[in-house]
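None of the figures in this text is laboratory data; all of them are computed from the coordinates on show. Remember, predicted model here, so these are calculated numbers, not experimental data. Note that each Cβ is placed from the backbone with ideal geometry, even for glycine, and that neighbours are counted across all protein chains shown.
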Amino acid sequence: MAKIIFATGNEHKMTEIREILAGLNGEILSMKEAGISVDIEEDGATFEENAVKKAKAVAEAAEALVLADDSGLEIDYLNKEPGVYSARYMGENTSYEIKNQALLDRLSGVPKEERTARFVCAIAAVFPDGEVIVKRGTIEGYIGDKPAGKNGFGYDPIFYVEEYQCSTAELTMEQKNALSHRGNALRAIKGELEKRI
Ligand code: IMP
């Protein structure tokens, strides 16, 4: 069975990833489980660049198929901010309660039709022979007027989806995975992996 390392330290993401990639002919390991520790600066201009950079850095340290993702929130009214800076917006150590409130304040008085936003996720796969594949997944939504919900993480409490008329922090993990940017990117990359392993 092939070894597949997912280059993330985020346990929340690993749970989603294992659920969606279940059924692949491979053993999915986190970096920690694979005994790899690599510090990677996410300084690319695009989600794709960052995902490839992370996957390549980990692939250098492991003889395995390596997957890595980069994701974030794009708010159209704010020229797609926070974008690739989503995790670092207002500082890496600032709580999401504060980040989310700051974004709501910046959108104060903006009507719903101009509050469109999306979560984006790029996933890169680096194969042991050096081949690189990247897939992008998105989920469209809008920024609500107030935070709601306790599920998920990050910007979920302010990101609302039309289909459910609630925030992604109010969805169950199954509901979110079925629609999410990461779910869509993982399903796309899973299709490519199934052809190769
Ligand atoms: P990454 O871990 O470098 O991909 O950083 C992604 C950042 O984007 C996270 O720290 C969150 O702020 C945000 N983000 C990405 N995906 C989600 C999501 O599904 N819900 C809420 N926030 C997300």
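Taking a cut-off of 21 Å between Cα atoms, list the lysines near Lys53, but don't count ones fewer than 8 places away on the same chain.
Partners found: Lys3, Lys13, Lys32, Lys135, Lys190.
Angle between the Cα long axis of helix 96-106 and the longest principal axis of the chain, 0 to 90 degrees, nearest 10?
Approximately 50 degrees, to the nearest ten.
Taking 8 Å as the Cα distance limit and 6 or more residues as the minimum spacing, I'd like the relative contact order of the chain as a percentage.
Answer for the chain is 20 percent.
Can you tally the net charge around Lys3? Count Lys and Arg as +1, Asp and Glu as -1, for every other residue whose Cβ sits under 11 Å from the Cβ of Lys3.
Within the 11 Å Cβ shell, the charges total -3.
Tell me whether the chain comes out rounded, prolate or oblate; compute the Cα gyration tensor, take square roots of the eigenvalues as a ≥ b ≥ c, and use a/c under 1.5 as the rounded threshold.
Here the chain falls in the prolate category.
Of the beta bridges DSSP finds with both residues in segment 2-196, what % are antiparallel, to the nearest 5?
Just about 75 percent of them are antiparallel.
How about Lys112: which aspartates and glutamates have a C-alpha closer than 16 Å to its C-alpha, ignoring those fewer than 8 places off in the same chain?
The reachable aspartates and glutamates, counting only those whose Cα sits under 16 Å from Lys112, are Glu74, Asp76, Glu140, Asp145, Glu162, Glu163.
With angles folded into 0 to 90 degrees, how steeply does helix 181-196 sit against the dominant principal axis of the chain? Use alpha carbons for both and round to 10.
For 181-196 against the chain, the angle is about 20 degrees.
With charges set only on the Cβ (+1 for Lys and Arg, -1 for Asp and Glu), what does the dipole of the chain come to about its Cα centre, in debye to the nearest 20?
240
With a 10 Å cut-off between alpha carbons and a GNM built on the chain, which of Gly91, Gly144, Gly83 moves the most?
In the Gaussian network model the winner is Gly91.
Angle between the Cα long axis of helix 11-21 and the longest principal axis of the chain, 0 to 90 degrees, nearest 10?
The answer is roughly 70 degrees.
Given the peptides 119-132, 92-105, arrange them by the average over their residues of other C-beta atoms within 10 Å, most packed first.
Ranking, from highest mean packing down: 119-132, 92-105.
Please report the relative contact order for segment 5-67, taking Cα pairs under 8 Å with a sequence separation of at least 6, and give it as a percent rounded to a whole number.
For segment 5-67, the relative contact order is 41 percent.
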